[in-house]
Amino acid sequence: MSARRLRVAAVGLGWVTLHRHLPAMRKVAEIEIAGVIDRRPGHAAEVARRHGIGRHHEGGLLAAIPWLADVDAFSIGTSPFSHAALAREALELGRHVITEKPFTLQPAEGEALVELARRQGRTLAVVHNFQFSRSVRALLADLRAGRLGELRFVAALQLGNPARRLPAWHEELPLGLYYDESPHMFYLLRALAPAPLRLLRAELHRSTRGLQTPAWISAHYACGPGSLPVKLNMAFEAPLSEWHVTVAGERFLADVDVFRDIYVRVPNDGAHTAWPVVRSSLAVTWSHWWQHLLSGPGHLAGTLLYGNDEVFRRFAAAALSGGQPADVGPEDALAVVRMQHEVLARAEAIA
């Protein structure tokens, strides 16, 4: 590993690697893309040709890569079922690892990887990216500056349309799509809540379509000594796909439209008389549309990285300096897996 650049090989050349990991790595000056690896016949060669990457390998064993000596780290973008095994092999080979969410399928797998990374003295990171999007950074800046006033609640709402593009394997996961997508909601709530979260209860409404993925799942938390309410609601049979995180303070309500990368801050409307109601409408519509000028072109072109570039920047900096990256390191990865399984264990099915 040179003093300036981390040589990263991408493993698993599906949608997330092609549309998020590789474009993000190209934006990080400290990263050199060392090559690409995939098990499907001819796929790695085609991706390498299309993206101008000099080396490729077809196979599932990292130790069999002929140019392994030129790799400092691996980015893992395979299906969740192979994350733990690939990360373990990479760490045992003495390489740094960054893996797509979900980190692992069981907390015990995650704990073993965290301990292995510690013993090997290697950097281990997870792609928890939306917390670094432009809109979430703006919300976090307002929270740090106290602009919202004393906090009243934090909430996350995820609506998912089952007709959208979904990974073929999602129904094989614990509670199906819940396990694949909930890490985003959990790490966002961890980033926005002012103190650690304590789960109070969770509720599960089973699929109306006979699927493993539920129709609805809710988790209710208390935050800090004042028990600030923190709520998560995920609906998987909606006619729209919308992801929002909301923070309410005594002075403002702040909302992030995650997919559109839009941040809206609306002032307290007091007695809810005519002018404050109109003012709220103006604040929402004006903020929504002018931010389309910032995020809209990238959204339409499919080039928004939603903070992935910052995740890989932190990973590279940590690996080059011999540390662990803030907010996307091993303990962060493990905390989110534990939150996923705490809900799985305690969700009460509603008839």
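The values are calculated or read from the model by the stated rules, or taken from the named source; none is laboratory data. Predicted model only: the values in this text are computed from it and were never measured. Cβ atoms come from the backbone with ideal geometry, glycine included; neighbour counts cover every protein chain shown. For the accessible areas, the whole protein counts, side chains as well, though only heavy atoms, and no ligand, DNA or RNA atoms are used. Shrake-Rupley method; radii C 1.70, N 1.55, O 1.52, S 1.80 Å.
Structure notes:
- Rounded to whole Hz, the Karplus (6.51, -1.76, 1.60) HN-Hα couplings of the range 110-121, x for glycine and proline: x, 4, 5, 5, 4, 5, 5, 4, 5, 5, 7, x
- Between the Cα long axis of helix 83-92 and the first principal axis of the chain there is an angle of about 50°, rounded to the nearest 10.
- Value of relative contact order over the chain, rounded to a whole percent, pairs C-alpha under 8 Å and six or more apart: 20 percent
- Rounded accessible area of residue 207 (nearest 10 Å², 1.4 Å probe): 20 Å²
- Kirkwood-type radius of the range 158-222, with distances r between different C-alpha atoms, in Å: 13.1 Å
- Karplus-derived 3J(HN,Hα), 6.51/-1.76/1.60, for each residue of the range 239-248, Hz, glycine and proline x: x, 10, 10, 9, 10, 9, 10, 10, 10, 9
- Only helices enter this figure: runs of n ≥ 4 DSSP H residues, each worth -39500 (n - 2.57), summed and divided by the residues of the chain, yield -11500 deg cm²/dmol at 222 nm to the nearest 500.
- Taking a sphere under 13 Å around the Cβ of residue 176 and counting the other residues whose Cβ falls inside, with K and R at +1 and D and E at -1, yields a net charge of -3.
- Applying a DSSP loop filter and a limit of 16 other Cβ atoms within 10 Å to the trypsin sites (Lys or Arg not before Pro) in the range 184-252 leaves 209, 251.
- Accessible area per residue in Å² at 1.4 Å probe, computed on the chain: 44 Å²
- Relative contact order computed over the range 75-177 (Cα-Cα under 8 Å; 6+ residues apart), in percent: 21 percent
- Table column - 3J(HN,Hα) (Hz), the range 10-23, Karplus curve with 6.51, -1.76, 1.60, x for Gly and Pro: 8, 10, x, 9, x, 4, 5, 5, 6, 9, 10, 5, 5, x
- Theoretical FRET efficiency, 1/(1+(r/R0)^6), r = Cβ-Cβ of residue 51 and residue 275, R0 56 Å, to 0.05: 0.55
- When you restrict to C-alpha pairs under 8 Å that are six or more residues apart and normalise by the size of the range 121-266, the relative contact order lands at 34 percent.
- Packing, taken as the mean count of other beta carbons within 10 Å per residue, orders the peptides 114-124, 218-228, 100-110 from highest to lowest as 100-110, 114-124, 218-228.
- Residues residue 166 and residue 70, FRET efficiency given R0 of 41 Å [Cβ-Cβ distance, rounded to 0.05]: 0.70
- Portion, in percent, of the accessible area of the range 69-210 that falls on carbon or sulfur, probe 1.4 Å: 50 percent
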